[in-house]
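What follows is one structure encoded as C-alpha cells, with my remarks underneath.
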Amino acid sequence: MKKIITVSREFGSGGRTIAKKLAERLGYKYYDKELVEQVALESGFDAAFIAEHSEFAPKKSGLGFLFTAESGSPLTGGMSTADFLWCVQREVILKLAEGEPCVIVGRCADYILKDRPDALHVFIHAPLAYRIDHVLTHYGQSDVAPEVRLEDKGKRRSRYYRRYTGREWGMSENYNISLDTSLMSIDRCVDIIEEMVKQ
C-alpha cells in the first residue's frame, strides 16, 4: 500500500477536488493550503505571498526568478526569494513524507519524492474547453478571460517546475498515472487512484 500520493494538476481540471476526496476516503492527511501554512511558519514569509510564489514562476518570464529578492538578503541567506522558498518547501515536503500517510497537492512534490517506493504520483488533466467550463463554474468570471487565466497559470507552473526539477511538467514519464477528467467523473478518478494505492 502506498503511503504518499502526490497530485499534480492542470488548473481547472478538478485535481484539487480529487486529491481532497482521496485523502478523506483513505483517512490520509491532506496538504495543499496546509503545506503553504507550514512553509510560512518555517520561512517567516506571509502565507498569501507563499501561495503565489511557491508553485508558479514570476509572471513576466523565467528571468523574473532573478529579481524576486535582492541578492544577499539576510532573511534568505543571499538567495532569491524564489530559491529560498523552494529550499524551505522541499524540506517541509520531505518531513511530511516521513510522518503520517498523506496526499500532497502540487509544489513539485512528485519530483521531491520521486525516489520513494511508497509514493504514488498522479497527474490530472483535461482539454481546454472542459477546464474553461470548470473554472467558470467553480471560480466564476473575473476581469481576465478564462482562456487567458488558464494559459497564464499553465505557463508559469511549467516554468517553475522546469527550473526546480529540470523536467517538463505534465510529461507522462514523471508520473505513475495520468487521468483525463473530461472522460470520467471525479469520483471515478478517486476510485482508480484508490485502487492503485491499495495494490
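Structure summary
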| read-out | value |
| --- | --- |
| Sole exception among (1) at pLDDT below 90; (2) under 24 Å from residue 189 (Cβ atoms); (3) out of contact with any Pro (no Cβ under 9 Å at 6 or more places or on another chain) for residue 119, by number | (1) |
| Output for segment 28-44, where each listed residue is open to solvent by 50 Å² or more (accessible area, probe 1.4 Å) and either in contact with a Ser or Thr (Cβ under 9 Å, 6 or more places away or on another chain) or touching a residue at least 12 places away in the same chain (Cβ under 8 Å) (or both) | 29, 33, 38, 42, 44 |
| Residue 100 vs. criteria within 26 Å of residue 22 (Cα to Cα) and either out of contact with any strand residue (DSSP E or B) (no Cβ under 8 Å at 6 or more places or on another chain) or among the hydrophobic types (A, V, I, L, M, F, W, C) (or both) | no |
| Residues of segment 1-28 classified as in contact with a helix residue (DSSP H, G or I) (Cβ under 7 Å, 6 or more places away or on another chain), farther than 17 Å from residue 111 by Cα and of a type in the set (Lys, Arg), total | 2 |
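The values are calculated or read from the model by the stated rules, or taken from the named source; none is laboratory data. The model shown is predicted, which means the values in this text are computed figures rather than measured ones. Please note: Cβ atoms are built from the backbone with ideal geometry, for glycine as well, and neighbour counts cover all protein chains shown. Please note that ligands, DNA and RNA were not included when accessible areas were found on the heavy atoms of the full protein model with its side chains. Shrake-Rupley method; radii C 1.70, N 1.55, O 1.52, S 1.80 Å.
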